[in-house]
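Student: Handing you this structure, nothing more for now.
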Amino acid sequence: MPLYSYTGRDSSGAEIKGTLEGINENAVAEALITRGVFPVRISLSQGGTSGGKGGIGKFFRKKITPSDLLMFCRQMYSLSKAGIPIMSALHGLADTIENPNLVEVLKKLESDLAGGLPLAAAMSRYPKVFSRLFVSLINVGENTGRLEESFLQIAEYISLEVETKRRIKSALRYPMIVISFVIVALVILNIWVIPVFAKMFSKFGADLPLTTRILIGTSDFFVNYIWIIVLALIAIPAAWIWWTRSEKGSRWWGRVQIRLPVIGSILFRSQLARFARSFSIMIKAGVGLNTALTLVAGAVDNAYLSDKIIGMCAGVERGESLYQTAVDSDMFSPLVLQMMAVGGETGQVDTLLLEVADYYDREVDFELKGLTAKIEPILLIIVAAIVLVLALGIFTPMWDMYGAMQGKKR
C-alpha cells in the first residue's frame, strides 16, 4: 500500500509527525483519528511504499518458504483457537521460529498492531511474504470474528500446494539426474577424450568420415572457445529470465508450459487444482465472485491462465453465470463444467469447486505415477543416439585403420 507522511495534533495540542500506510488519504485520516491524532496535513511520501528495507545481508539470509508459512498458520490457528490475543501469539512465535526473516516480519507485525493497524492491513505491507489471497482471507476472518478458521483454511491450502510441488519434483528427479549425467559425460568426452583420438587419427593421416569430423570440430570448439560457452551459459539463462518475467513473455511461457509434451498436462491440471481450491476457499469465506476471481488470478502461477481467469471475472461483471464464463474460458473438461453447473444451481459452489480441486489432484497424482514410464523411453533414445554417434565417429575410423594395417601386413 502507499506510504503517507502526516502532520497532526494529539488531545493536548502537541504536534505529531510520522508516516503511515493506507489505501488513500481518507483511510490514513481515519486510522489517525482512531489513534487519537487529529490530522492536519497528509501527503504521499516520496518513499512510495514501506517494507523491504535492508542491506545486502538480506540476500544471504534464509528465504521465507511455503513450509515456514504453513507452520506459522498452523501455530496461529492453535493459539487463536485457544483464545490467546494476536499480539501475544505473534510475540511468542517470534521467539520460537527459526527463520530470521520470518521472525523480523512477525516483530514488525506486532509493532504495526500496537500502532492500531488491523492484522490484514499489517500483513499487506509485506506482499513478498503474504499474498493477496492470504491477506484477503485474514481480512474476512477479522471482520467475521473467525480468524482461527482463516488460518486453518490457509494452512490446509498451503499444505496441499507444498505436497503437489513435492510430488512433481520427486517425479522429475530421476530424468533430471540422468540428463545431468549425460551432459557431464558429453563435456568430459569433448574436452579430454575426443582430443586424444583426434591426435591419433592425425598421426595416421586417415580419411575420416563425416561423423568423426563433426565430433572433432565440436571438441575443438569446446577446447578453444570455452569462454564463449561460459558466457552463453550465463547470458542465455539471464535473457530467458528477463523475457519470461516480462508481460508478453510470461504469457507466452505460460501457454507453452501447459502444452509441453509429457509434463504439460500435469502442470496444467496442477494449476487448475490450485485455481479451484483457492476459489473454493474464497467463496466459502464469503468473498464476492468478482473479488474472488481477481485474487485467484494472482494466486495461479501461470500468466496465460491468469488472463483467462480475469476474462471469467469480466464475464461475471457483465452478468453472465459462473458456468458460462467457465465454458467461454475453454480451460475445463465437460465433467468439471457439469460439476460447476450443479454447484451454481444448488448454491454449493464452494463445495463443488473443492470436489473439482480433488478431481484434478487425483488426475495429477495418476499422471505423476506414470511419468517415469513415459520419460524412460525418451531418455533411452537420447542415450542410444549419443552412443551411436560416438560409435560411428570414433570406432569406425579405428576399424578402417585396423583393416588398412592388416592389409599392409599381408
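Every number here is computed from the coordinates shown, using simple stated rules; none is lab data. Keep in mind it's a predicted model, so treat the numbers as computed, not measured. Because the Cβ atoms are built from the backbone with ideal geometry, glycine has one as well, and the counts that use them run over all protein chains shown.
Student: Kirkwood hydrodynamic radius, the stretch 194-271, all distinct C-alpha pairs: what's the number in Å?
Tutor: Details: mean 1/r = 0.0613 Å⁻¹.
Radius from the Kirkwood sum: 16.3 Å.
Student: Mind pulling the angle between the C-alpha long axis of helix 25-34 and the longest principal axis of the chain? Nearest 10 degrees, somewhere in 0 to 90.
Tutor: 50
Student: I need to check one value: relative contact order of the stretch 258-410, counting alpha carbon pairs closer than 8 Å and at least 6 residues apart, in percent. Let's see the in-between values first.
Tutor: On the way: 122 pairs, mean separation 39.5, N = 153.
Here the relative contact order equals 26 percent.
Student: Now a separate question. On a full-extension model of 0.36 nm per residue, what is the gain between VAL342 and TRP192, subtracting their alpha-carbon distance, rounded to one decimal in nm?
Tutor: On the way: separation 150, 0.36 × 150 = 54.00 nm, distance 6.57 nm.
Net length gain for the segment: 47.4 nm.
Student: Most exposed first by the Cβ proxy, i.e. fewest other Cβ within 10 Å, how do LEU32, LEU390, LEU260 rank?
Tutor: By the 10 Å Cβ count, ascending: LEU260, LEU390, LEU32.
Student: If the cut-off is 12 Å between C-alpha atoms, which aspartates and glutamates fall inside it for LYS199, apart from same-chain ones fewer than 8 positions away?
Tutor: Here the aspartates and glutamates satisfying the reach criterion relative to LYS199 are ASP220.
Student: Something else: Just want the ordering: VAL389, VAL296, VAL364, from fewest to most Cβ atoms lying within 10 Å of their own Cβ.
Tutor: Values: VAL389 14, VAL296 27, VAL364 23.
Ordered from fewest to most neighbouring Cβ atoms within 10 Å, VAL389, VAL296, VAL364 come out as VAL389, VAL364, VAL296.
Student: A follow-up question, please. Which residues among the stretch 352-367 fall inside the zone where the amide N is under 19 Å from a point 7 Å beyond the Cα of SER159, along Cα→Cβ?
Tutor: Within reach of a label on SER159: 354-362, 365.
Student: Moving on to the next point. Measuring from centroid to centroid over Cα atoms, what is the spacing of the stretch 137-207 and the stretch 319-338 in Å?
Tutor: Using only Cα atoms to place each centre, the spacing works out to 34 Å.
Student: Starting from the Cα of ASP307, step 7 Å along the direction of its Cβ; do the same at MET200; then give the gap between the two resulting points in nm.
Tutor: Label at ASP307, label at MET200, 5.6 nm between them.
Student: Something else: Counting other beta carbons within 10 Å of each Cβ, put THR7, THR211 in order, fewest first. Please list the in-between numbers first.
Tutor: Details: THR7 14, THR211 17.
The most exposed by this proxy come first: THR7, THR211.
Student: Let me ask something additional. List, in order, the whole-Hz ³J(HN,Hα) value for each residue of the stretch 125-139 obtained from phi through the Karplus relation with A = 6.51, B = -1.76, C = 1.60 and θ = phi - 60°; use x for Gly and Pro.
Tutor: 6, 10, x, 6, 9, 10, 5, 4, 5, 4, 5, 5, 5, 5, 4
Student: My understanding is that a pair violates if its Cα-Cα distance is over 26 Å; which of LYS17/LYS107; LYS17/LYS63; LYS63/LYS107 do that in this structure?
Tutor: Numbers: LYS17/LYS107 23 Å; LYS17/LYS63 34 Å; LYS63/LYS107 16 Å.
As for pairs spanning more than 26 Å Cα to Cα, those are LYS17/LYS63.
Student: Still on this model: What do you get for the angle between helix 334-346 and the principal long axis of the chain? Use alpha-carbon atoms, 0 to 90 degrees, nearest ten.
Tutor: 10
Student: Taking one equal scatterer on every alpha-carbon of the chain, how large is log10 of I(q)/I(0) by Debye at q = 0.06, 0.11 1/Å?
Tutor: Rounded to two decimals, the profile gives -0.41, -1.00.
Student: Taking 0.36 nm per intervening residue step and subtracting the Cα-Cα distance, what contour gain separates SER180 from ARG245 on full extension?
Tutor: 20.8 nm
Student: Another question about this same structure. Any chance you could list P(r) for the stretch 64-158, counting all Cα-Cα pairs in 10 angstrom bins from zero, rounded to whole %?
Tutor: 17, 59, 24, 0
Student: Sticking with this one: Whole-Hz ³J(HN,Hα) for each residue in the stretch 271-281, computed from phi via Karplus 6.51 cos²θ - 1.76 cosθ + 1.60 with θ = phi - 60°, x for glycine and proline: what do you get?
Tutor: 5, 5, 5, 5, 4, 5, 5, 5, 5, 4, 5
Student: What is the helix-to-structure angle for 147-188, meaning the angle in degrees between its Cα long axis and the longest Cα principal axis of the chain, kept from 0 to 90 and rounded to the nearest 10?
Tutor: 10
Student: If contacts are Cα pairs under 8 angstrom and at least 6 residues apart, what is the relative contact order of the chain in percent? Numbers along the way, then the final one.
Tutor: Details: 426 pairs, mean separation 53.0, N = 410.
Normalised by residue count, the contact order of the chain is 13 percent.
Student: Still on this structure: What is the set of long-range amide H partners of TYR4 at a cut-off below 5 Å, with H atoms built 1.01 Å from backbone N?
Tutor: Those qualifying (amide H under 5 Å, at least 5 residues apart or on another chain) are LEU20, GLU21, GLY22, SER45.
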